[in-house]
Amino acid sequence: MTIEWTDMKAVVLSGGYATRLRPISYALPKLLFPLLGKPMIFKTLDLLEKIGVNEVTLAVNYMADKLRAEVGSKYENMSINYSLETEALGTAGPIKLASKITNLGETFLAMNGDVIAHIDLEDMIKQHKKTGAQITDALHEVKDPGRFGAVQLDASNRIQRFVEKPPKNKAPSRLVNAGIYVIEPEVLRAIPEGQKVSLEREVFPNIANQGRLYGFPFSGDWFDIGDIGDYRRANLRLLLEAEVEPSRTATKSKTSSDYSLTKPVFVNESSRIARGAALGPDAILGQNDLIEEGARILESILFDRVSVGEKAIVSGSIVASDVRIGKKVKISDECIVSPSVRIRDGVKIGRGAIIHPYKEIDRDVKPGAHVM
């Protein structure tokens, strides 16, 4: 069901450099990292489309051309605009800049592009309207708020203060800023044009002092994908849930006449698996992957267009797009293989090795090595 107002717009902050996702992010913008075979930006757009958002502006910077080429100018029923930062503008500055190319004259949504959330945005907007808030900030409870900063609410969900990275056991709550906001257009007037401005540190305090900054706690899944560990955990959590938009998903262990699957496994419907291959547990395949005869993939995430040669083994690793893995290759646990890498037949990649983009590997790689 869509909300009753139909001219809803959204700004998605999409310009980060993703330094903690290197070396994969040297060749691929973070928002194109796949979650169960689907780039995370499309997960965000699906969430917005569901409530009737009809126009989205992506605030872009790093690798903007690749993002634009993948997303295009239309998705489902939404038009897609691009607001390009020529220099970093923080979290509020890009929203101000986006307002120059799209009319944010009514209540609008803004969110971090690297956040994946199961949240009822319709309820959030309704609360925002009911309270008369200038900004409503989605809040999620975490075990350790020290990484994010904690929020103190009053009984009516009005935000009283933020505590940045509180010491252990001294946080006012375990609720943290989830990076999703409902904003009134008058807030834009408080953001200087062309300057680096922090929404959380420079805009929120003034709105809180006016008593018009509210929180919206929600209990659905929330992933802030900042580093490789976050990315891996998000994929594995989604793999275990039934909310996956299934292509071919193994819900129980089974063996077919062609290949074996051990739960849980996600295989995009465009991928091909040869006779005698073995997938799982915890194997995720992207689009147009090719797994050759006798190959084994376990506890690993494969991006798109990955080919794995006969009798090769990929264990506990992340393999990015357009990688070619030869016959009898062995990739050990905790490895990262960046985009457009070729690994020759018989090569062994030691535990924890990291291979940077565009490399050709024709000899064994020691554990923990960086191939640059």
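The values are calculated or read from the model by the stated rules, or taken from the named source; none is laboratory data. What you see is a predicted model; the values in this text were computed from it and never measured. Every residue, glycine among them, receives a Cβ derived from its backbone with ideal geometry; neighbour counts consider all protein chains shown.
For every residue, the table says whether it meets (1) surrounded by fewer than 17 Cβ atoms within 10 Å (Cβ to Cβ); (2) over 10 Å from residue 14 (Cβ atoms); (3) acidic (Asp, Glu).
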| position | (1), (2), (3) |
| --- | --- |
| 89 | no, yes, no |
| 94 | no, no, no |
| 99 | no, yes, no |
| 103 | yes, yes, no |
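Residue pairs whose Cβ atoms lie under 6 Å apart, separated by 6 or more positions or on different chains, with the first residue in segment 261-280 and within 15 Å of residue 311 (Cα to Cα) and the second assigned to a loop (DSSP other than H, G, I, E, B) and among the small types (Gly, Ala, Ser), are 276/294; 277/295.
For segment 323-331, the criterion of being within 22 Å of the chain's Cα centre (by Cα), outside the structural domain of residue 20 (by TED's automatic domain parsing) and crowded, with 23+ Cβ neighbours inside 10 Å is satisfied by at least one residue. Only a single criterion out of (1) farther than 30 Å from residue 28 by Cβ; (2) in contact (Cβ under 8 Å) with a residue 40 or more places away in the chain is not satisfied by residue 206, namely (2). Within segment 12-30, being in contact with a Leu (Cβ under 9 Å, 6 or more places away or on another chain) and closer than 23 Å to residue 267 by Cβ holds for one residue alone: 28.
For residue 113, are the conditions met, namely being modelled with pLDDT of 90 or more and in contact with a Gly (Cβ under 8 Å, 6 or more places away or on another chain)?
yes
Restricting segment 139-152 to residues that are touching a Pro at 6+ places or on another chain (Cβ under 8 Å) and not in a helix (DSSP H, G or I) leaves a set whose member that is farthest from residue 201 (Cα to Cα) is 141. Every listed requirement among (1) in a strand (DSSP E or B); (2) out of contact with any Phe, Trp or Tyr (no Cβ under 6 Å at 6 or more places or on another chain); (3) closer than 27 Å to residue 268 by Cβ is met by residue 58 save one, (2). Is there a residue being out of contact with any Gly (no Cβ under 7 Å at 6 or more places or on another chain) and under 25 Å from residue 299 (Cα atoms) anywhere in segment 41-61? Checked segment 41-61: at least one residue is out of contact with any Gly (no Cβ under 7 Å at 6 or more places or on another chain) and under 25 Å from residue 299 (Cα atoms).
Is segment 128-138 home to any residue that is surrounded by fewer than 21 Cβ atoms within 10 Å (Cβ to Cβ), within 19 Å of residue 205 (Cα to Cα) and in contact (Cβ under 8 Å) with a residue 60 or more places away in the chain? Write out each step before concluding.
Step one: list which residues in segment 128-138 are surrounded by fewer than 21 Cβ atoms within 10 Å (Cβ to Cβ), which gives 129-132.
Imposing the further condition that a residue be within 19 Å of residue 205 (Cα to Cα) reduces the set to 131-132.
Now drop any that are not in contact (Cβ under 8 Å) with a residue 60 or more places away in the chain, which leaves 131-132.
Among the residues of segment 128-138, at least one is surrounded by fewer than 21 Cβ atoms within 10 Å (Cβ to Cβ), within 19 Å of residue 205 (Cα to Cα) and in contact (Cβ under 8 Å) with a residue 60 or more places away in the chain, which makes the answer yes.
When residue 312 is tested against (1) farther than 25 Å from residue 228 by Cα; (2) at pLDDT 95 or above, exactly one condition is not met: (1). Is it the case, given these coordinates, that residue 119 is surrounded by fewer than 20 Cβ atoms within 10 Å (Cβ to Cβ) and either out of contact with any Gly (no Cβ under 7 Å at 6 or more places or on another chain) or in a loop (DSSP other than H, G, I, E, B) (or both)? Considered against the rule, which asks whether it is surrounded by fewer than 20 Cβ atoms within 10 Å (Cβ to Cβ) and either out of contact with any Gly (no Cβ under 7 Å at 6 or more places or on another chain) or in a loop (DSSP other than H, G, I, E, B) (or both), residue 119 comes out as no. Taking segment 153-164 as the range and being part of a strand (DSSP E or B) and either within 28 Å of the chain's Cα centre (by Cα) or not assigned by TED's automatic domain parsing to the domain that holds residue 201 (or both) as the test, the residues that pass are 153, 159, 161, 162, 163. Residues in segment 14-33 that are surrounded by 24 or more Cβ atoms within 10 Å (Cβ to Cβ), modelled with pLDDT of 90 or more and not basic (Lys, Arg) were compared, and the one that is farthest from residue 64 (Cα to Cα) is 24. Here residue 59 fulfils each of the conditions (1) in contact with a strand residue (DSSP E or B) (Cβ under 9 Å, 6 or more places away or on another chain); (2) closer than 30 Å to residue 283 by Cβ; (3) at pLDDT 90 or above apart from (2).
A quick yes/no check of all residues on (1) over 18 Å from residue 131 (Cβ atoms); (2) touching a Cys at 6+ places or on another chain (Cβ under 7 Å); (3) among the small types (Gly, Ala, Ser):
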position	(1), (2), (3)
153	no, no, no
157	no, no, no
163	yes, no, no
170	yes, no, no
179	yes, no, yes
188	yes, no, no
213	no, no, no
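Annotation: residue 170 fulfils all but one of (1) closer than 26 Å to residue 122 by Cα; (2) modelled with pLDDT under 90; (3) surrounded by fewer than 16 Cβ atoms within 10 Å (Cβ to Cβ); the unmet one is (1).
Just give me the residues in segment 35-46 being in contact with a strand residue (DSSP E or B) (Cβ under 8 Å, 6 or more places away or on another chain) and not in a helix (DSSP H, G or I), in sequence order. Break it down into steps so the answer makes sense when it comes.
So in segment 35-46, the residues in contact with a strand residue (DSSP E or B) (Cβ under 8 Å, 6 or more places away or on another chain) come out as 35-37, 40-45.
Scanning segment 35-46 gives 35, 36, 37.
For residue 70, the stated conditions do not hold, so it cannot be described as touching a Pro at 6+ places or on another chain (Cβ under 7 Å), modelled with pLDDT of 90 or more, surrounded by fewer than 22 Cβ atoms within 10 Å (Cβ to Cβ) and outside any helix (DSSP H, G or I).
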